[in-house]
Amino acid sequence: MTPAIELLRIDKRFGSVHANKDVSLAIAPGSIHGIIGENGAGKSTLMSILFGFYQADSGEIRVKGRPVRIRSSSDAIAHGIGMVHQHFMLVEPFTVLENVVLGAEGGLLIGPALARARAELTRLARDYELEVDPDAVAGELPVGLQQRVEILKALFRGAETLILDEPTGVLTPDEARHLFRILRTLKDQGKTVILITHKLREIMAITDRVSVMRRGELVATRGTKATTVEELAELMVGRHVLLRVEKGPSRPGETVLEVRNLTWKDGKGIARVDNVSFSVRKGEILGIAGVSGNGQSELLDVIAGIARPASGQVIFEGKDIGILGDPRHVRAEGLAHVPEDRQHRGLIGSFDAAESAILGWHHLDPLGKGFRLDRGKVVARARALMEEFDVRPPDPLLRSSKFSGGNQQKLIIAREITSNPDLLIVGQPTRGVDIGAIEYIHKRIIQLRDEGKAVLLVSVELDEIRSLSDRILVMFAGRVMGERGPGADERELGLLMAGVAKDAA
Amino acid sequence: MNLYIELLASTIRMSVPLILACIAGLWSERAGIVDIGLEGKMLIAAFAAASASAVFGSAWIGLFCAILASLAFALVHGYAAINQRGNQVVSGVAINMLAAGLAVVLGNEWFREGGRTPALPPEGRFLPFQFPALDGLPAVGPLVRIFLEHSILAYVAFALVPLTAWALARTRFGLRLRAVGENPHAVDTAGIPVAALRYRAVIIAGVLCGVAGAYVSTSLSSSFVRDMTAGGGFMALAALIFANWRAWPALGACLLFGFLQAIGNFAQGASVGGFQIPVQFINMLPYVLTVVLLAGFIGKSVPPRASGLPYVKDR
């Protein structure tokens, strides 16, 4: 069968970065083809070339066997290629209809196009479970629906091949399942889907074939049924990866943190953290599981001193730090915090790595005297941290935003762990992080525990919680639904996360 | 009665350049190009119109040259903002300073009247249409004349408002233009060239500022004098913000500011209880009102999201 899309010997450089090295790939029509690889492996570049966003330095693109030149997105669209970008390309104040029509108006006036789009949207909604209110303002829709608008945009333009770049990164597990149903329907209707992701689980769940990219090269293509998660992980990283965390039994010591009847209310007076009590002991990892938005973020904020509790206590080594309501004092007490939102709270994108590596500890004496900051010491410190924690590239003067998510996270974890805390609180330590880096970050967290420190871990990845934690709390709607051991059944935890408590603790 | 009619007529006259400049700014800024340089473009256009009209004796040639001059400045701004991804505010300020200086220097060199241009004869100006027959209408006649007896450029200005509102809302060009001002990435991935779209917006702004300038020097007045636009471009910008970047509210804002200017002109020499109000104080009113209105009386004003941001593809 003629491939829907063929890429032949595609090569692309950005300055000194060789983003795609001689990549050849054929995509069968009516299939779902996964492309995996770590961040920076060249997946997105390759797809951007296919979509006309960049031009390849050399190589050929064939659509249904015919060689084509794709110099811009409009060429790609004309050849029936549609793309759903990782960061949505929506005009937020526009309605769904206006967004769908933009660029495909088909005449000088937009009235007829809007009418046509309205009819087409009704049809697509029926055929593909793609219901969206056509008159809703795009920017006000939840991300799951915004993504549907992106898919609708591509289908409205007559896309035969749909490229999705990391589509589940922003979705809840439920939204992700719905997306996969949509993708299967698209496939059943004869469309071709290219799915870019770094999540192995998704690849196994939905694709027919999978291609692995590493450092700009396409290293392998496999039938999904004929491969395993372990093999793909190894191909991606280029070495054997431990997907399972190895750790010994915990030896818990005395209680370090005790949270008593803690309540935090938002601006509308709704209790987002509702009468929560638990304790964390030295030498153990307490994991807090839950679907995103059930009060875990707020709980972290209160413990880290960023938010002040409405009532209740946060007792850290015998002292109520909740009333301090000040992250600097909380840190001074020996608590370190790896925030959930790496980009906004963990570091400052426009700062160089050396500066980001001292945030929150910048006032401490070893880095300077009084108001003076010793630049030499700051850089030397960052260099040492980057060396120890394997941050790549190990360049303290590179802007923080230039590092991949995993390396940014390693830098933040390095900064927090080296403060030698008694308690480390970590939010979503591996969100958007490569599996190679995930392995490393997990190892460091376990190591910290084995050194007798306490760790409070919040993650929406149930696998991560189960593999790292010594005890698991499940939060739902701001309340603790129950506590389970590390061996807890996944289904049971899932029920607790959904707010179903058979035997509320 | 007569005073009120005169005030109304003056309001309309003073509003015309504001409307033209404001709509110019609207097109530019809805496409994401901040245009601080409205004032400078208007000023250089006023100078070009008065000079060309004085030399060639035709208001239309004056208008043509005004548009050319303003367009040239607009393209400089476009080049800086779109191709070179420069800071749009800095580029706009540079245009204002350049225009103010250049007009006087060239004027002095060409006409030797200290930066002024020679007084224009009637055929060198855009004069108001006259409808004396309307006086035959009982009672409303004079009032109707107030509304109708303006130059062709004033008609253009008022016609632009519905035209702009319609074009932005209903045409392909308008949709794309609004989109590029909000999220140029979305426009690019939809297969539409961003730079070309933004250049078109900049060109529209240039043409309209040219008309505004020609109106100031060849219709409102009969020669160019230095700094004769007197901050009108900035007032138009204020009106644009005040109007939340929408055409019809922009008309309202410009009429309000025009009214204040008209009052300023009429109230010169007025006195309150024997105390003569200084002219400067009256002239200050529209600007003070602008500050007050912008400082908090208009609620939230939301500029186009990509406004002032150069478009760079990722990487």
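The values are calculated or read from the model by the stated rules, or taken from the named source; none is laboratory data. These numbers were taken from a predicted model, which means no experiment stands behind them. Glycine gets a Cβ as well: all are built from the backbone with ideal geometry, and neighbour counts include every protein chain shown. SASA here: full protein model, heavy atoms, side chains in, ligands and nucleic acids out. Shrake-Rupley method; radii C 1.70, N 1.55, O 1.52, S 1.80 Å.
Details
- Evaluated at q = 0.13, 0.15, 0.27 Å⁻¹, the base-10 log of the normalised Debye intensity for segment A:110-160, with identical point scatterers placed on the Cα atoms, takes the values -0.28, -0.38, -1.17.
- Each peptide in A:206-215, B:233-242, A:322-331 was scored by the mean count of other Cβ atoms within 10 Å over its residues; highest first, the order is B:233-242, A:206-215, A:322-331.
- For chain A, the longest principal axis of the C-alpha atoms and the axis of helix A:405-417 are separated by about 0°.
- Each stretch of four or more DSSP H residues adds -39500 (n - 2.57); spread over every residue of chain B, this sum gives -21500 deg cm²/dmol at 222 nm.
- Computed over the alpha carbons of segment A:294-364, Rg followed by Dmax gives 13.1, 39 Å.
- Straight-distance crosslink candidates among lysines, where the alpha carbon sits under 25 Å from residue A:369 and sequence neighbours closer than 8 are dropped: A:377
- Note on segment A:349-403: Cα-only Rg and Dmax are 10.9, 32 Å.
- Dividing the summed helix terms, -39500 (n - 2.57) for each DSSP H run of n ≥ 4, by the number of residues in chain A produces a 222 nm estimate of -9500 deg cm²/dmol to the nearest 500.
- Counted charge near residue A:170, where neighbours are those whose Cβ lies closer than 12 Å (Asp, Glu -1; Lys, Arg +1): -3
- Taking the empirical scaling 2.2 N^0.38 Å for compact globular proteins as reference, segment A:43-107 has a Cα radius of gyration ratio of 1.26.
- Aspartates and glutamates whose Cα lies under 14 Å from that of residue A:247, excluding same-chain neighbours fewer than 8 positions away: A:284, A:439, A:450, A:451, A:464, A:470
- Electrostatic bookkeeping for residue A:113 treats Lys and Arg as +1 and Asp and Glu as -1; over the other residues with beta carbon under 9 Å from its beta carbon, the sum is +1.
- Between chain A and chain B, the total buried accessible area stands at approximately 2200 Å², from heavy atoms with a 1.4 Å probe.
- Calculated P(r) of segment A:373-505 - Cα pairs past 20 Å, %: 53
- Per residue of peptide A:105-113, the mean number of Cβ atoms on other chains within 10 Å of the residue Cβ is 4.
- Other protein chain Cβ atoms within 10 Å, averaged over every residue that makes up B:166-172: 4
- Segment B:38-95 - Debye-derived log10 I(q)/I(0), Cα point model, q = 0.14 Å⁻¹: -0.41
- Per-residue Karplus couplings for segment A:493-500, computed as 6.51 cos²θ - 1.76 cosθ + 1.60 with θ equal to phi - 60°, are listed in order as 5, x, 5, 4, 5, 8, x, 9 Hz, Gly and Pro entered as x.
- The slack in the chain from residue A:26 to residue A:372, taken as 0.36 nm per residue of separation less the alpha-carbon distance, amounts to 118.7 nm.
- Most to least packed among A:228-240, A:255-267 [average Cβ atoms within 10 Å]: A:255-267, A:228-240
- On a per residue basis, the convex hull of the C-alpha atoms belonging to segment B:83-152 measures out at 190 Å³.
- Whole-Å semi-axes of the protein assembly as shown's equivalent ellipsoid (Cα gyration tensor): 60, 34, 26
- Full extension of the segment from residue B:113 to residue B:272, taken as 0.36 nm per residue of separation minus the current Cα-Cα distance, would add 53.4 nm.
- Stokes-Einstein D in µm²/s, Kirkwood radius over Cα pairs - segment A:73-150 at 20 °C with 1.002 mPa s viscosity: 164
- Over segment A:1-83, the fraction of Cα-Cα pairs per 10 Å bin, rounded to whole percents and listed from the shortest bin up, is 18, 54, 26, 2.
- One Cα centroid belongs to segment A:442-505, the other to segment A:107-168; the line between them spans 38 Å.
- Scattering profile of segment A:279-321 at q = 0.23, 0.34 Å⁻¹ [log10 I(q)/I(0), Debye over alpha-carbon scatterers]: -0.96, -1.20
- Sorted from longest to shortest, the spans of the Cα atoms of segment B:89-224 along the three principal axes equal 59, 49, 20 Å.
- Using a Gaussian network model of chain B in which every pair of alpha carbons under 10 angstrom is joined by a spring, one finds that among B:81, B:72, B:50 the greatest mean-square fluctuation is at B:72.
- Where A:474, B:225 fall by accessible area, highest first, once all protein chains stay in place (1.4 Å): B:225, A:474
- Tail beyond 19 Å, pair distance distribution of segment B:214-315 (Cα, percent): 57
- Translational D in µm²/s for segment B:211-267 (Stokes-Einstein at 20 °C, 1.002 mPa s, Kirkwood Rh from C-alpha pairs): 175
- A convex hull fitted to the Cα coordinates of segment A:150-304 yields 187 cubic angstrom per residue.
- Segment B:35-77-segment A:328-397 distance, computed between alpha-carbon centres (Å): 56
- Using only alpha carbons, segment A:438-486 has a radius of gyration to Kirkwood radius ratio (Rg to Rh) of 0.99.
- Considering only B:229, B:11, B:189, the mean-square fluctuation computed in a Gaussian network model of chain B, springs between alpha carbons under 10 angstrom, is largest for B:189.
- One Cα centroid belongs to segment B:196-256, the other to segment B:156-191; the line between them spans 19 Å.
- Within-13-Å neighbourhood charge of residue B:8 [Cβ basis; K, R +1; D, E -1]: 0
- Rg and Dmax, both from the Cα atoms of chain B and both in Å, are 20.0, 71.
- Within 10 Å of each Cβ in A:147-154, the average number of Cβ atoms from other chains: 1
- Kirkwood-type radius of segment A:258-399, with distances r between different C-alpha atoms, in Å: 17.1
- In the complete set of protein chains, residue-level accessible area for residue B:245 is approximately 20 Å², probe 1.4 angstrom.
- Taking Cα atoms only, the orientation of helix A:173-188 departs from the longest principal axis of chain A by about 20 degrees.
- Computed on protein heavy atoms with a 1.4 Å probe, the accessible areas place A:496, A:141 in the order A:141, A:496, largest first.
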